[in-house]
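Below: the structure, in structure tokens.
The values are calculated or read from the model by the stated rules, or taken from the named source; none is laboratory data. These numbers were taken from a predicted model, which means no experiment stands behind them. Quick reminder, even Gly has a Cβ in these numbers, built from the backbone with ideal geometry, and neighbours come from all protein chains shown. Side chains included, ligands, DNA and RNA excluded: accessible areas come from the protein's heavy atoms. Shrake-Rupley method; radii C 1.70, N 1.55, O 1.52, S 1.80 Å.
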Amino acid sequence: AKDMGRNTFQFYQPEMNTSVGTRLNLERRLRRALRDGEFLLHYQPQVDIGTGKIVGMEALVRWHDPEVGLVPPSAFIPVAEESGLIGPLSEWVLREACRQNKAWQDEGLPAARVSVNLSARQFQQRDIAKHVMSILEETGLQPQYLELELTESAIMRNAEEAVTMLSELHALGIGLAIDDFGTGYSSLSYLKRFPVDRLKIDRSFVSDIGASSDDETITSAIIALGHSLHLQVIAEGVETAAQLEFLRERACNEMQGYFFARPMPHEAIPALLKSTPTR
Ligand code: C2E
Ligand code: CA
Ligand code: CA
Ligand code: CA
């Protein structure tokens, strides 16, 4: 990460605490995982607060390490980013998410978009839009069913270039969401220029609705800001009925969180889509 410069120190910090030996070992195991197909996706529903229907789902990667079991992304994404494995891993995630979504539609299940997380590293790749387009073509998924989630910090790292890259992505007809919104430092003038569709309120605010009036104020402000810019707003990390009620009263569009459903294996999704049709 040395060549990445001082400004990325914070981002890579978790790995700096890991010894070089451990990291190389993890890197080797990740390479094997990619080769042997040890990654899988879990999906977490995104629900329209007004209708209660599932309108989307976020694809969340897991690693099934034969030695230790299911490994969460926080334990391997940073190393994947540092080692360059994030490229092939992200490509697998994107292709698998699109392929699975198309397969569900082909089975006659109610259509719901799939949201895929794009790492900061991926977003620095100049030809990302071409890449996304070729995966859409290959899988046959219509672009309106794909959404990419980009963190506020990834976008703001190079805001001027982000305007161009977001425009290229948006021109494909896919959706764009700003993830972890409120934790970074988006300037309002940039926000207006980013061709995004959705703000995703960070869990750190949502989880303290009912406990912190500051976080309630921030949540309300983000919803109002989003709506004034004609953006949809989704809240992540919704765990209680009281939090949902707070969001509903402020006309937040969508919610995602344990209160509705945890991330789940793909096998569980068809039944859920059938029980709460999207139309
Ligand atoms: P994220 O994008 O903010 O994803 C949401 C995380 O919050 C997920 O953790 C999800 O399981 C968790 N979550 C959802 N609802 C609740 C809730 O009600 N309460 C609480 N306490 N947590 C909730 P997960 O799956 O461990 O993912 C962690 C992070 O790893 C993600 O944060 C994302 O930044 C990253 N990640 C996951 N999949 C991918 C991927 O395919 N590519 C990249 N680049 N990053 C990924
Ligand atoms: Ca996300
Ligand atoms: Ca998030
Ligand atoms: Ca908080």
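Could you give me the residue pairs with C-beta distances under 8 Å whose first residue belongs to the range 68-81 and is open to solvent by 20 Å² or more (accessible area, probe 1.4 Å) and assigned to a loop (DSSP other than H, G, I, E, B), whose second residue is at pLDDT 95 or above and near ligand 1 (Cβ under 8 Å from one of its atoms) wherever it lies, and which are 6+ apart or on separate chains?
Partner pairs satisfying both residue conditions: 72/62.
Just to be sure I understand, how many residues within the range 225-244 are in a strand (DSSP E or B) and within 16 Å of residue 175 (Cβ to Cβ)?
So the answer is 4.
Give 163, 233 a once-over and let me know the one that is β-branched (Val, Ile, Thr), open to solvent by 10 Å² or more (accessible area, probe 1.4 Å) and touching a helix residue (DSSP H, G or I) at 6+ places or on another chain (Cβ under 6 Å).
Answer to the selection: 163.
Is it the case, given these coordinates, that residue 162 is aliphatic (A, V, I, L, M) and at pLDDT below 95?
So residue 162 fits the description; yes.
Could you list, in sequence order, all residues of the range 166-212 that are farther than 28 Å from residue 257 by Cα and at pLDDT below 95?
189, 190, 193
With buried (at least 20 other Cβ atoms within 10 Å of the Cβ) and not hydroxyl-bearing (Ser, Thr, Tyr) as the only criterion, which of 129, 97, 103, 120 stands out?
It is 97.
Which of the residues spanning the range 239-279 are out of contact with any strand residue (DSSP E or B) (no Cβ under 9 Å at 6 or more places or on another chain) and in contact (Cβ under 8 Å) with a residue 60 or more places away in the chain?
270, 274, 279
Which one of these is of a type in the set (A, V, I, L, M) and either surrounded by fewer than 18 Cβ atoms within 10 Å (Cβ to Cβ) or under 26 Å from residue 162 (Cα atoms) (or both): 224, 261?
Just one listed residue meets the conditions, 224.
Which members of the range 47-64 meet the condition of being within 30 Å of residue 29 (Cβ to Cβ), away from ligand 2 (no atom under 16 Å from the Cβ) and touching a helix residue (DSSP H, G or I) at 6+ places or on another chain (Cβ under 7 Å)?
Answer for the range 47-64, where residues must be within 30 Å of residue 29 (Cβ to Cβ), away from ligand 2 (no atom under 16 Å from the Cβ) and touching a helix residue (DSSP H, G or I) at 6+ places or on another chain (Cβ under 7 Å): just 63.
Which of the residues spanning the range 173-197 are open to solvent by 20 Å² or more (accessible area, probe 1.4 Å) and either within 14 Å of ligand 2 (Cβ to nearest atom) or in contact with a Lys or Arg (Cβ under 6 Å, 6 or more places away or on another chain) (or both)?
180, 182, 183, 184
Quickly run through the range 205-250 and pick out the residues that are under 25 Å from residue 114 (Cβ atoms) and either touching a Pro at 6+ places or on another chain (Cβ under 8 Å) or more than 14 Å from ligand 1 (Cβ to nearest atom) (or both).
222, 223, 226, 227, 229, 230, 231, 232, 233, 248
For residue 189, state whether it is under 30 Å from residue 135 (Cα atoms), away from ligand 3 (no atom under 16 Å from the Cβ) and either touching a His at 6+ places or on another chain (Cβ under 8 Å) or part of a helix (DSSP H, G or I) (or both).
no
Could you tell me which numbered condition residue 173 fails, if it satisfies all but one of (1) within 15 Å of ligand 1 (Cβ to nearest atom); (2) within 18 Å of the chain's Cα centre (by Cα)?
Condition (1) is where residue 173 drops out.
Determine whether the range 33-51 contains at least one residue that is surrounded by fewer than 16 Cβ atoms within 10 Å (Cβ to Cβ), in contact (Cβ under 8 Å) with a residue 60 or more places away in the chain and not in a strand (DSSP E or B).
Checking the range 33-51: at least one residue is surrounded by fewer than 16 Cβ atoms within 10 Å (Cβ to Cβ), in contact (Cβ under 8 Å) with a residue 60 or more places away in the chain and not in a strand (DSSP E or B).
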